[in-house]
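**Q** I have a structure here, written as structure tokens, and I will follow up with some questions on it.
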2 protein chains.
Amino acid sequence: MNRNVTIKDIAKAANVSISTVSRTLNGSPIVAPDKQRRVMEAAARLGYVPNASAQGLVRGRSMTIGVLTQDIASPFYNEVARGIDAGFSGTGYQPIFVNGHWQSQDESAAITTLIRHQVDGLIILGGRLDDEQLHKLAARYPLVLVGRRVAGLERRSLAVDNVHGAWLATTHLIQMGHRRIGHITGVASQRDALDRLEGYRLALAEANIAFDPKLVYEGDFNEGSGIQAVDHWLAQGTVFSAIFAANDQMAFGARLGLYRKDIRVPDDVSLVGFDDLPASRIALPPLTSVHQPLFEMGEQAAQLISQQLTAPDRPTTPPLLPLTLSVRESVRYNRALAP
Amino acid sequence: MNRNVTIKDIAKAANVSISTVSRTLNGSPIVAPDKQRRVMEAAARLGYVPNASAQGLVRGRSMTIGVLTQDIASPFYNEVARGIDAGFSGTGYQPIFVNGHWQSQDESAAITTLIRHQVDGLIILGGRLDDEQLHKLAARYPLVLVGRRVAGLERRSLAVDNVHGAWLATTHLIQMGHRRIGHITGVASQRDALDRLEGYRLALAEANIAFDPKLVYEGDFNEGSGIQAVDHWLAQGTVFSAIFAANDQMAFGARLGLYRKDIRVPDDVSLVGFDDLPASRIALPPLTSVHQPLFEMGEQAAQLISQQLTAPDRPTTPPLLPLTLSVRESVRYNRALAP
DNA sequence: TTGTAGGCGTTATCAC
DNA sequence: GTGATAACGCCTACAA
């Protein structure tokens, strides 16, 4: 509406030159105290707000970091986003978020948007952009990849050991006496999903339990596929005493699917998820889940980018954040020891 | 890293003037076809991305809309954010999100950040900014308030009838035979929370059920206070056969609190929430809840801002989005009819 | 210590 | 049709 207040306006009001105003505002030491006061007073009175576009244009830096997230409504990405938000607080950098919707072309468009806005760096959460595109981006911009490990970009990837996490979950179930363990996978094209399946198989092999393909259902990381998995197994007559879902959302779906058939968790079937979302602590029953330090990953990503920005030469190796199992109440000891 | 490609670079590569490049890129009709081709080719080859700062500076419009949200991790705000995202898709406007954390000073800082970035309009979700500040903002910028009704700014507020919603929930429980209905309120300083309490009282009064202050527990809209409410009532020996929580998150907390005491929902106690979050559909049991059209509210907000931007004179009255009750499985008919 | 002037990348207004 | 050129708001040598 009303034209915004500019430095020129302040200069006029305080009866000084625009450079004096600029210097004062930027804390330059060499300004006469009285003028300084007059400028500050005028700026406050007029309600001056610096124009980031103009500053960015002349400084060549916008002090904003672009974050490509996949789904603003997903609890998974939100936890990471919250960490990023926290990680930048006080650094002067401002994260701005855009959505890729898990679609390669949306992601490209979103990144272009970010670059148009002159972001100083990029944080990419998951996604389907292929490695080549990521390499191209990495060559031009400070970049951090979260939840994804790309060959040649290890230094800039923040990932967790998904194989180990899945192994942890499956081994826990085995130790609790389960031998027929269903696994609901994530989207098969995603590395995370593949790694978790791998961890599941590994744990079975170590315990000398034969891998049964019937016990693996391909899900899509959404609640719906958890329900479908259960319905499918029940319809096929597949026997199982426990389920390991590749994320918590699918575990919730499975839980509901079981409830509808009057099968209790953990009384009849044990359940383990992956991600340890905030909601899982208060789920019913509280869900045993592989703890991904999502918030911390966001924080780390923010720090990593900051380092690349301030000290681009000093190569930094992102720390490997540990994966642990949050044991809660959704697993029960299996007395039946059904074959 | 590498300097970004500019119009100047394209001009050099295509051997034309920068004005011709600019015209071509902006789709001006009067450019010779061959030059046009050369420009487009060079732009593509060089990977040109326009500089939004520079465009914003000269055009006076940034084509971005600032959205002040409170908590990026809250499922409530995320649903609205998703609607906003969808509402702007295809309009050329780009929403950018910042967090206020439910704190007045953070909110002010966040809004200043947005203004620095020359947003063309503001969408404010909830928050604690006082009416005077909002009026000041509204005087200077296109503005839409979501989930909040401010005197004098009705035209720019998108709110729902919380009293009616709470009445709906409570009346449903009464019709299902419940007379001792606990209510977990939201943060007492928030208008929404007060309105929902009001709706609860109204429904009781209509049914000639005496209001019992013991049955009202002051929560804070987070899961934890749902657990506390249940613990409190149980410790006090307060009798109830149903609970109406002022939002779904507290309802989930209550459900867990009851589960811990081996009280079943809906077998022993019925439960109704407010917001109808996506998670409530797959909760256990699926939660009966007052449906807030969160996604639609976001969409509406986006549209409203767009209208203010394109036709500032034509006053628009935001439609009052209807509140309905999503009846699911967390309420059971109360045979006991306890006094 | 202060002011003037040039330039960041883009669009728009002029002449040609 | 096309190409200089003046803004847009700000910062920063450079001069004074």
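The values are calculated or read from the model by the stated rules, or taken from the named source; none is laboratory data. Bear in mind the structure is a predicted one, so any value in this text is a computation, not a measurement. Neighbour counts are summed over all protein chains in view; Cβ atoms, including those assigned to glycine, are modelled from backbone coordinates with ideal geometry. Each accessible area value is taken on the protein alone, full model and side chains, heavy atoms only, with ligands, DNA and RNA left out. Shrake-Rupley method; radii C 1.70, N 1.55, O 1.52, S 1.80 Å.
**Q** Suppose every K and R has +1 on its Cβ and every D and E has -1 on its Cβ; what is the size of the dipole of the protein assembly as shown about the Cα centre, in Debye to the nearest 20?
**A** Working: 68 positive and 66 negative charges, 408 e Å.
Its charge dipole is roughly 1960 debye.
**Q** Can you list, shortest first in nanometers, how far A:Gly237 lies from the same residue in the other copies, with each label 7 Å from Cα toward Cβ?
**A** Nearest first, the other copies' label points are 5.7 nm away.
**Q** Distances from B:Asp313 to the same residue in each other copy, label points 7 Å out along Cα→Cβ, in nm, shortest first?
**A** Distances to the matching label points in the other copies: 6.1 nm.
**Q** Counting Lys and Arg as +1 and Asp and Glu as -1, each charge on the Cβ, what is the dipole of region A:7-50 about the Cα centre in debye, to the nearest 20?
**A** 60
**Q** Would you please give the residues with an amide H less than 5 Å from that of A:Gln94, counting only those at least 5 places away or on a separate chain, with H modeled from the backbone geometry?
**A** A:Thr64, A:Ile65
**Q** So how do B:151-161, B:305-315 stack up, highest first, on mean other-Cβ count within 10 Å? Could you put the intermediate results ahead of the total?
**A** Numbers: B:151-161: 17.0, B:305-315: 14.0.
Final packing ranking: B:151-161, B:305-315.
**Q** Go ahead and set up a Gaussian network model of chain A, Cα springs under 10 Å, then flag whichever of A:Val146, A:Val67, A:Val21 fluctuates most.
**A** A:Val21
**Q** Give me the accessible area buried between chains A and B, both sides summed, with a 1.4 Å probe, in Å² rounded to the nearest 100. Walk me through the numbers on the way to the answer.
**A** On the way: alone 17250 and 17300 Å², together 29730 Å².
The contact between B and A buries close to 4800 Å².
**Q** Ignore the peptide's own chain and count Cβ atoms of other chains within 10 Å of each Cβ in A:114-121; give me the average, rounded.
**A** Working: counts 3, 6, 11, 11, 6, 1, 0, 1.
The mean count of partner-chain Cβ atoms within 10 Å per residue comes to 5.
**Q** Among the DSSP beta bridges whose two residues both lie in the protein assembly as shown, what percent are antiparallel, rounded to the nearest 5?
**A** On the way: 6 of 66 bridges.
In the protein assembly as shown, approximately 10 percent of DSSP beta bridges are antiparallel ones.
**Q** Please work out the average accessible area per residue across chain A, using the 1.4 Å probe convention, and give it in Å².
**A** On the way: 14840 Å² over 339 residues.
Normalised by residue count, the accessible surface of chain A is 44 Å².
**Q** Could you give, in nm with one decimal, how far B:Ile263 is from each other copy of that position, shortest first, with labels 7 Å out from Cα toward Cβ?
**A** Label point to label point, same position, other copies: 3.1 nm.
**Q** Gaussian network model of chain B, Cα springs within a sub-10 Å range: biggest mean-square fluctuation belongs to which of B:Glu132, B:Glu41, B:Glu296?
**A** Highest fluctuation of the listed residues: B:Glu41.
**Q** When only C-alpha pairs under 8 Å and at least 6 residues apart count, what is the relative contact order of region B:162-291, in percent? If you can, show how the numbers build up before the last one.
**A** Working: 254 pairs, mean separation 33.0, N = 130.
Averaging sequence separation for qualifying contacts and normalising by length gives 25 percent for region B:162-291.
**Q** What residue among A:Gly219, A:Gly56, A:Gly127 shows peak mean-square fluctuation when chain A is described by a Gaussian network model with Cα springs under 10 Å?
**A** Sorting by GNM fluctuation, first place goes to A:Gly56.
**Q** I'd like to compare B:323-330, B:92-99, B:261-268, A:12-19: which one has the highest average count of other Cβ atoms within 10 Å, and what's the full order after that? It would help to have the intermediate numbers written out before the result.
**A** Working: B:323-330: 17.4, B:92-99: 21.4, B:261-268: 13.5, A:12-19: 15.5.
The most tightly packed comes first, giving B:92-99, B:323-330, A:12-19, B:261-268.
**Q** Shielding by partners for A:251-263, please: the mean number of other protein chain Cβ atoms within 10 Å of each residue's Cβ.
**A** On the way: counts 0, 4, 1, 0, 3, 6, 1, 1, 6, 4, 0, 0, 0.
The shielding value for this peptide is 2.
**Q** Next question, about the same structure. Would you mind giving the mean number of other chain beta-carbons within 10 Å of the Cβ of each residue in B:285-298, as a whole number?
**A** Details: counts 4, 3, 0, 0, 0, 0, 0, 0, 0, 1, 1, 0, 0, 0.
Average neighbour count from other chains, rounded to a whole number: 1.
**Q** Please report the antiparallel percentage of DSSP beta bridges with both residues in region B:217-339, rounded to the nearest 5. Please list the in-between numbers first.
**A** Numbers: 3 of 10 bridges.
So the antiparallel bridges in region B:217-339 amount to around 30 percent.
**Q** Once the Cα atoms of helix A:294-310 and of chain A are each reduced to a long axis, what angle between those two axes, in degrees from 0 to 90 to the nearest 10, is obtained?
**A** 40
**Q** Now for a separate question. Roughly speaking, to the nearest percent, how much of the protein assembly as shown's 1.4 Å accessible area is carbon and sulfur? Mind showing how you got there, number by number?
**A** Numbers: 15270 of 29730 Å².
Looking at the protein assembly as shown in its full context, I get 51 percent from C and S.
**Q** Rounded to the nearest 5, what % of the DSSP beta bridges within chain B are antiparallel ones?
**A** On the way: 3 of 33 bridges.
Among the beta bridges of chain B, antiparallel pairing accounts for roughly 10 percent.
**Q** Counting only Cα atoms, I'd like the Rg/Rh figure for region B:7-50, Kirkwood definition for Rh.
**A** On the way: Rg = 8.9 Å, Rh = 9.9 Å.
Ratio value, two decimals: 0.90.
**Q** Please state, to two decimals, what the Cα-based radius of gyration of chain B comes to when divided by 2.2 N^0.38 Å (N = residues).
**A** Working: Rg = 25.9 Å, N = 339, 2.2 N^0.38 = 20.1 Å.
Dividing the Cα Rg of chain B by 2.2 N^0.38 Å gives 1.29.
**Q** Something else now. Per DSSP H run of n ≥ 4, the term is -39500 (n - 2.57); total these for chain A, divide by its residue number, and report the mean residue ellipticity at 222 nm rounded to 500 deg cm²/dmol.
**A** Values: 13 runs with 153 residues, N = 339.
So the helix-based figure for chain A works out to -14000 deg cm²/dmol.
**Q** Roughly speaking, what is the stretch gain from B:Ile18 to B:Ile263, that is 0.36 nm per residue apart minus the C-alpha to C-alpha distance, in nm to one decimal?
**A** On the way: separation 245, 0.36 × 245 = 88.20 nm, distance 7.40 nm.
Length gained between B:Ile18 and B:Ile263: 80.8 nm.
**Q** Where Lys and Arg each count +1 and Asp and Glu each count -1, what net charge lies around B:Ala44 among other residues with Cβ under 12 Å from its Cβ? Walk me through the numbers on the way to the answer.
**A** Details: positive: B:Arg37, B:Arg38, B:Arg45; negative: B:Glu41.
My count for the surroundings of B:Ala44 gives +2.
**Q** Could you grab the relative contact order for region A:61-158? Cα pairs under 8 Å, six or more apart, rounded to a whole percent.
**A** Values: 155 pairs, mean separation 30.0, N = 98.
Answer for region A:61-158 is 31 percent.
**Q** Let me ask something else about it. Relative contact order of chain B: what whole-number percent is it, with Cα pairs under 8 angstrom and at least 6 residues apart? Working shown, then result.
**A** Numbers: 635 pairs, mean separation 57.2, N = 339.
Contact order relative to length: 17 percent.
**Q** Another question about this same structure. Looking at the calculated P(r) for region B:1-144, what percent of the C-alpha pair distances fall above 25 Å?
**A** Working: 4664 of 10296 pairs.
Taking all Cα-Cα pairs of region B:1-144, the fraction more than 25 Å apart is 45 percent.
**Q** Within 12 Å, Cβ to Cβ, of B:Ala203, how many net charges do the neighbouring residues add up to if Lys/Arg are +1 and Asp/Glu are -1?
**A** Summing Lys/Arg as +1 and Asp/Glu as -1 gives +1.
**Q** Decide, for the protein assembly as shown, between rounded, prolate and oblate: order the square roots of the alpha carbon gyration tensor eigenvalues as a ≥ b ≥ c, take rounded if a/c falls under 1.5, and otherwise choose prolate if a/b is larger than b/c, else oblate.
**A** Numbers: a/c = 2.19, a/b = 1.34, b/c = 1.64.
Oblate.
**Q** Further question: Give the separation of the Cα centroids, region B:245-282 to region A:188-222, in Å.
**A** Centre-to-centre distance over Cα atoms comes out at 33 Å.
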